[in-house]
Amino acid sequence: MVVSVPEERFEDVPNFDYEPQYVDVGGLDMAYVETGGGADGGDAEETFLCLHGEPTWSFLYRKMMPTLAERGRVVVPDLIGCGRSDRYEDRDEYSVEMHYDALETFVEELDLTNITLVCQDWGGLLGLSLAAEQPERFARLVPMNTGLPDGTQEMTETWQAFAEMVATAEDLDIGELVANGCYRDLSEEVVDAYRAPFPDERHMAGARTFPGLVPQSPDDPGADRFADAQDRLAEWEKPAFVLFAREDPITSDNRDPLRGLIPTATEQPDIWIDEAAHFLQEDAGEVIAEHIVEFVDRTSPSE
């Protein structure tokens with residue numbers, strides 16, 4: 001069964017007064033918000049596609065959106081099972097291909113082009129794979145605290161414990177999960193905003209399944225897609241700017257390999273985001289947005 005989150009769950013979300021819009025991605029509605037471009041007077045030719053990961057939603061980008069909107073159109077979807085987007089109750093409905101197909105349909109339905117991809121966590125797994133498959137739609141890449149696990153990687157004991165907890169915890173507190181992944185303390189109002197999309201267990205199947213979808217073997221579902229994305233990105237010729245948080249114990253080891261994989265990444269400044277952890281958009285969103293705008297400016301064709 002497909003379920004939706006009641007809109008009243010989002011009434012008290014702070015500093016996020018964007019009107020939700022929806023795209024049918026094949027029997028489910030994928031929610032998104034947007035700003036900038038034609039709406040706010042920015043440069044409509046630039047499109048920032050900002051993709052979150054587990055277990056957050058578009059709210060994660062609220063500190064970055066105003067700065068990015070001054071430079072172009074900003075489109076921030078909620079992955080299926082997250083935020084305001086529809087979700088399956090049955091955990092078995094979730095797969096790498098389901099998430100990938102939904103994102104691909106979303107981008108094609110909105111006909112997004114000249115995209116600067118800003119992606120973190122599962123937003124990177126899915127977004128980088130889509131950029132590798134449809135490079136004509138993408139102008140730049142900004143991978144943050146993410147990777148492309150093809151089943152050959154070693155997952156840390158910390159990650160294994162996290163995955164087990166998310167899948168099996170009797171009472172999974174999403175707000176606490178996000179707060180624990182931040183360097184800075186979050187207000188209770190913000191923690192509640194991360195809880196908002198998950199009123200009860202019926203709405204949590206997507207959040208509970210994400211860690212288990214990471215390929216642990218080259219034979220696992222999704223491994224071939226991510227391996228193919230690695231191969232394609234090894235020949236990427238457009239600008240790429242890898243921005244990782246210094247205090248993220250989950251993905252920081254992916255940073256140098258990813259920066260080494262994409263040929264153009266080493267052409268950009270070698271920057272770590274200080275005093276930021278896994279959810280770096282929450283810890284340092286304004287600083288990161290400034291870095292990204294500077295990246296776009298220095299890699300844009302001369303007028």
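Readers should treat all values here as calculations from the given coordinates under stated rules, not as data from a laboratory. Only a predicted model underlies this, so the values are computations on that prediction, with no experimental measurement involved. Backbone-built Cβ (ideal geometry, glycine too); neighbour counts: all protein chains shown.
Take the Cα gyration tensor of region 85-224, multiply each eigenvalue by 5, square-root it, and list the three semi-axes largest first, rounded to whole angstrom.
25, 19, 17
With both partners inside the chain, how many of the DSSP beta bridges are antiparallel, as a percent to the nearest 5?
Bridges in the chain that DSSP calls antiparallel: roughly 40 percent.
Highest mean first, what order results for 77-83, 208-214 on Cβ atoms within 10 Å?
Output ranking for 77-83, 208-214: 77-83, 208-214.
If you build a Gaussian network model of the chain, linking Cα atoms that sit under 10 Å apart, which residue out of M65, M144, M98 swings the most?
M98
Pick out which of P257, P135, P221 has the largest mean-square fluctuation in a Gaussian network model of the chain, springs linking Cα atoms closer than 10 Å.
In the Gaussian network model the winner is P257.
Averaged across orientations, what area in nm² does the convex hull of the alpha carbons in region 1-152 project?
Value for region 1-152: 9.1 nm².
Evaluate the distance, in nm, between pseudo-label points positioned 7 Å from the Cα of E89 and of T264 along their respective Cα→Cβ axes.
Here the answer is 4.6 nm between the modelled labels.
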